[in-house]
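The values are calculated or read from the model by the stated rules, or taken from the named source; none is laboratory data. Just so it is clear, the structure is predicted and the values come from calculations on it, not from any experiment. Here the Cβ positions follow ideal geometry from the backbone for every residue, glycine too, while neighbour counts run over all protein chains shown. Each accessible area value is taken on the protein alone, full model and side chains, heavy atoms only, with ligands, DNA and RNA left out. Shrake-Rupley method; radii C 1.70, N 1.55, O 1.52, S 1.80 Å.
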Amino acid sequence: MKKWIIMLLTVVLGVIGLSGCSDSDAASGGDKDGKVEITYGLWDKKQVPAIEEIIKLFNEKYPDIQVKTEITPYGQYFQKLETAATGGALPDVLWMNGAHAVQYAKGKVILPLSEMAEKDNYSLDNYPKSLIDLYTVDGDIYGIPKDYDTTGLWYNKKIFDEAGVSYPDETWDWEELKEAAKQLTDKEKGIWGYAALMGNQGGYYDFIWQNGGYIISEDGKSAGFDKPEAIEALEYNVSFIKEGLSPTQAQMTETAASELFSSGKIAMMFDGPWMVPEYKKNPDLDVAVVPQGKKRAVSIHGLSNVISSNTKHKEEAWKFVQFLGSKEAAEVFAKTGTVIPAFNGTQDAWKESVPNLNLQAFIDGAEYSVPLPSVENTGEIWQYETDVLKKAWSEEISIEEAAEELTKKANEALSK
């Protein structure tokens, strides 16, 4: 949950009129030489150089469609979208995340794209199926995948070498993760073997799915936190803290686990590809696929490009969204190393952008990935998870008590 919302971000949403247009031209978004301007709403300024390059390529193909980017910090992005949607002033094309997809689709804020994709023979097979599923609501696709992130097991090679422990690989399971954490924990040096994060993506969701459990039922009507598979997974997660193999919840609140990991105080932790820019600077670090439970599973999330329902330029917006989802655009993102592009087969350039890290681990994860749950009130349920589970992570209440309380609150939210 937290990861895809930690990117640095900047601008203002709203439809911006073209300078130099007559009132009627501005209202229609066109100008006197027949060009049309569409707006593109996003939140990560680190991706702007790549996006500008993609727009340049798009204009070579469609010189009469001008694209104006509007960047808004993530913390204000969806709040501004709600205001803009009410006033009919959404950007024509915009970024969407999985947490809000169902809400915006059912609220008819964004357009279904299935019919247009079918008409233009636009293949959705070019993307991981789990990402298509993430943006499919009531049988219609609402977003064309842009990028994705999965989970990897990051580890400190220096700590492993000093403890004489073999590096993690694809053969590891829960038992081996725990055993390695015991061998790597060194209280005298202040080193913990593993960080048992209280995060859903890259944390307890992965464990629950690996153990055969579920977060939200397929019909979207009930939560599965109180099921035996989920309770067992949550208990395994917290057991690292109870056994002194992980920093406590209080310690990881005071100093972020990623900081403790970067400074050599934690030997292993689950984290995503969004940490590559930071972790690649440290020669002691590398990443492997996550250990498996009863089966392999990791959460996947990714952004998609969607079209506003109130766009006055549906045809032009769709052309731009198709181009944003193309192999050509994906290759631009790949070579910058900023994100893992969603278009199948274009991930190699991203992987090669940091050859000293085993980035293939994240690409492999897409094969057995599970999309983050998305319902109309995902945010409310996530807040319940935080409020209730932190009491279990702090050992104020048992996992069983937390699971019962969380399931009750989640089910009430789902029944609204």
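Of note:
- Lys391-Lys189 pseudo-label distance in nm [points 7 Å out on the Cα-to-Cβ vector]: 3.9
- Pairwise label distance in nanometres, Ala89 with Thr255, each label 7 Å out on the Cα-Cβ vector: 4.7
- Size of electric dipole in the chain: Cβ of Lys, Arg +1 and of Asp, Glu -1, about Cα centre, debye, nearest 20: 660
- Mean accessible surface per residue for region 69-186, computed with a 1.4 Å probe while every protein chain stays in place, in Å²: 43
- Residue order for Asp169, Asp161, Asp147 - accessible surface, 1.4 angstrom probe, largest first: Asp161, Asp169, Asp147
- Measure of compaction for region 179-284 (Cα Rg per 2.2 N^0.38 Å): 1.18
- Taking 0.36 nm per residue of separation and subtracting the current Cα-Cα distance, fully stretching the chain between Asp138 and Thr171 would add 8.1 nm.
- DSSP loop GluC sites (Glu not before Pro) with at most 10 other Cβ within 10 Å excluded, longest remaining stretch of the chain: 219-416
- Distance from region 268-296 to region 136-193 (C-alpha centre basis), Å: 5
- Across the alpha-carbon set of region 256-312, the Rg to Rh ratio works out to 1.17, Rh being the Kirkwood radius.
- With distances taken between every two different alpha-carbon atoms, the chain has a Kirkwood hydrodynamic radius of 22.5 Å.
- The aspartates and glutamates whose alpha-carbon is closer than 17 Å to the alpha-carbon of Lys80, local same-chain residues fewer than 8 away aside, are Asp44, Glu70, Asp92.
- The residues of region 311-370 expose, per residue, 41 Å² of accessible area to a 1.4 Å probe.
- Among Met269, Met252, Met198: highest mean-square fluctuation, GNM of the chain, C-alpha pairs under 10 Å: Met252
- Farthest toward the positive end of the dipole of region 274-416, out of Ile397, Thr336, Gly325, is the Cα of Gly325, where the dipole comes from beta carbon charges about the Cα centre.
- Violating pairs (Cα-Cα greater than 30 angstrom) within the set Lys227/Lys265; Lys46/Lys187; Lys68/Lys119; Lys35/Lys119; Lys227/Lys391; Lys189/Lys390: Lys227/Lys265; Lys46/Lys187
- When each of Lys56/Lys146; Lys327/Lys351; Lys295/Lys408 is checked by Cα-Cα distance, pairs over 24 Å: Lys295/Lys408
- If R0 equals 56 Å, the separation of the Cβ atoms of Glu60 and Glu243 corresponds to a calculated FRET efficiency of about 0.40.
- Remark on region 274-392: ratio of C-alpha radius of gyration to 2.2 N^0.38 Å is 1.33.
- Result for the chain in a Gaussian network model with C-alpha springs under 10 Å: among Gly75, Gly337, Gly203, the largest mean-square fluctuation is at Gly75.
- Counting only protein heavy atoms and a probe of 1.4 Å, the accessible surface of the chain is 48% carbon and sulfur.
- On full extension, the segment bounded by Glu162 and Glu53 gains 34.7 nm, given 0.36 nm per residue less the C-alpha separation.
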